[in-house]
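The values are calculated or read from the model by the stated rules, or taken from the named source; none is laboratory data. Keep in mind that this is a model prediction, so the values were computed, not measured. Ideal geometry is used to build each Cβ from the backbone, glycine not excepted, and the neighbour counts take in all protein chains shown.
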Amino acid sequence: MKHLIVTIALMLVASLAIAQEHLFVLVDVSKSVSKSELQKAKDVLENVLTGTQLSHGAAVTQGKEQDLPLFALQQYDKLAIATFGDLNTSLQITPNPTTIQNIGADVETVLNSITWRPTDNTTYIVLAKARIAAYAKKQGIDQYRLCIISDNVQDDYGPNGMPNYPNNSTQELVEEYNTSTNPVNEAGYTRIKFSRQSLFALSFSPKVDISQYYPPGIPKPNTPTPIPIDTVKYPTITVISPRRVKKGKEYEHGAATLNVNWKCTDCPKGIKYNVAVSQYEGGKHKEVRKNVSANTVSLELPDGKFKIRIYAANHANTRSDYTHVSVSTGGFGGVLFFLALLGAGGAGYYFWNKNRGATATTPTQKEEDIFSKADQQDTSNNDDYF
């Protein structure tokens, strides 16, 4: 009997461990959303997590209402919430999951742990999602549920579209998130809005799979793991030319004009691209070409080494791609060639002139008499004139 009780207890513990889910909530506190929208979103989020009726006239506008129970929390699930917006706000995302015991009380406590008020001027959505993914990976979590409360207006490159990340590791965290070689599979979102015309929404994904994603600082395993088959096909950008190479193995280019070409597999019609250029050696040239509709762009670059990243301007789940190039127009070499050519010409003239002097004939006596007489006549004429 004792062994039976122990076995049942172990089975219960195992079932609880298997059933345990992680839900991360990201709340946009940029000023593009209003305080009233955030307050209503807080109430509706509590409705969804506790499995109660939606309030404030909220309704499912994308996905099915029958999917909402998928996001209701169960006992022993883990819930974490964080705000994102400006660079500093997004960099401070450090999830602290709470194990749910009393669903109603614990959900209320977690939601009250942040300030639901817009304070920031920019919106770093990808950085926020990358911070969550990096945390989950370090904790050994390969799958989790995700809720994003936002108007989905991205500004990952700060004012005027220029990156202002504090260090290379932060920039790499953003640029390596959900690429073709480092995928993050986000299952389709169910969206709740207060108005169909509004951009503001509560977006719920039932599964974010990061089993094949490795953020900076976590090396990929030596043996490849099969990528799970997913019914959702994610648009994928792939650089064609210059070919994709990593930093330290830059593609050598010998002209100031560089044509960058790429393809996009499974991309929706009307997709537009942003092309970000960042110089990391030889200068500080930076630029972002926004809303490029073609799959090619022509860049004018000074000498130096550059990272060029192509990402979707209007489809957040599209996997980006990048390459590194080293531009050397040969300007100094041309100057050396001109100086060498000038020196060769001078030397040739010197030897030609020297040889000409050596072979010149000495005037005859008759010629001397003629010139002598001419000089005497000229002198006489000049005296008479003056």
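Inspect the range 29-42 for any residue being modelled with pLDDT of 95 or more and part of a strand (DSSP E or B) and give the result as yes or no. Among the residues of the range 29-42, not one is modelled with pLDDT of 95 or more and part of a strand (DSSP E or B), which makes the answer no.
Looking at the structure I just gave you, is I93 in contact (Cβ under 8 Å) with a residue 12 or more places away in the chain, touching a Phe, Trp or Tyr at 6+ places or on another chain (Cβ under 7 Å) and of a type in the set (A, V, I, L, M)? Yes; evaluated as a whole, the condition is true for this residue.
Of the residues in the range 139-146, none is in contact with a Phe, Trp or Tyr (Cβ under 7 Å, 6 or more places away or on another chain), surrounded by fewer than 18 Cβ atoms within 10 Å (Cβ to Cβ), at pLDDT 90 or above and more than 25 Å from E287 (Cα to Cα). Among the residues of the range 69-102, those identified as more than 23 Å from T119 (Cβ to Cβ) and either loosely packed, with under 13 Cβ neighbours inside 10 Å or touching a Cys at 6+ places or on another chain (Cβ under 6 Å) (or both) are P69, Q74, T99, Q101, N102. The single condition among (1) over 25 Å from A187 (Cβ atoms); (2) within 34 Å of the chain's Cα centre (by Cα) that H56 does not satisfy is (2). Scanning the range 83-118 for residues that are assigned to a loop (DSSP other than H, G, I, E, B), under 30 Å from N164 (Cα atoms) and polar (S, T, N, Q) yields Q92, T94, N96, S113, T115.
Look through the range 26-70, keep the residues that are among the hydroxyl-bearing types (S, T, Y) and in contact with a strand residue (DSSP E or B) (Cβ under 6 Å, 6 or more places away or on another chain), and return whichever of them is farthest from K207 (Cα to Cα). Don't jump to the end; show me each part of the working.
Pass one, the range 26-70, residues among the hydroxyl-bearing types (S, T, Y): 30, 32, 34, 36, 50, 52, 55, 61.
Pick out the ones that are also in contact with a strand residue (DSSP E or B) (Cβ under 6 Å, 6 or more places away or on another chain) and you get 30, 61.
Numbers: S30: 26, T61: 19 Å.
It comes out as S30.
Beta carbons closer than 6 Å, at least 6 apart along the sequence or on distinct chains, pair a first residue in the range 311-323 that is over 14 Å from K129 (Cβ atoms) and assigned to a loop (DSSP other than H, G, I, E, B) with a second that is modelled with pLDDT of 85 or more and of a type in the set (V, I, T) for H315/I271. Within the range 99-110, residues that are free of Cβ contacts under 8 Å to residues at least 60 places away in the same chain reach partners that are of a type in the set (S, T, N, Q) and in a helix (DSSP H, G or I) with beta carbons closer than 8 Å, at six or more positions or on different chains, in the pairs I103/T50; G104/T50.
Of all residues being assigned to a loop (DSSP other than H, G, I, E, B) and without any contact (Cβ under 8 Å) to a residue 60 or more places away in the chain in the range 173-197, which is surrounded by the fewest Cβ atoms within 10 Å (Cβ to Cβ)? Just the residue, please. Ranking the qualifying residues of the range 173-197, first place goes to Q197.
Please verify whether the range 63-81 includes one or more residues that are of a type in the set (D, E, K, R) and either under 28 Å from the mean Cα position of the chain (by Cα) or at pLDDT 95 or above (or both). Yes, because at least one residue in the range 63-81 is of a type in the set (D, E, K, R) and either under 28 Å from the mean Cα position of the chain (by Cα) or at pLDDT 95 or above (or both). Taken over the range 228-247, the criterion of being more than 14 Å from H324 (Cα to Cα) and either outside any loop (DSSP other than H, G, I, E, B) or under 16 Å from the mean Cα position of the chain (by Cα) (or both) is satisfied by P235, T236, I237. Determine if the range 150-160 includes at least one residue that is of a type in the set (G, A, S), modelled with pLDDT under 95 and either assigned to a helix (DSSP H, G or I) or surrounded by fewer than 21 Cβ atoms within 10 Å (Cβ to Cβ) (or both). Yes, that holds for at least one residue.
Inside the range 248-291, residues that are small (G, A, S) and more than 21 Å from V327 (Cβ to Cβ) make up a count of 1.
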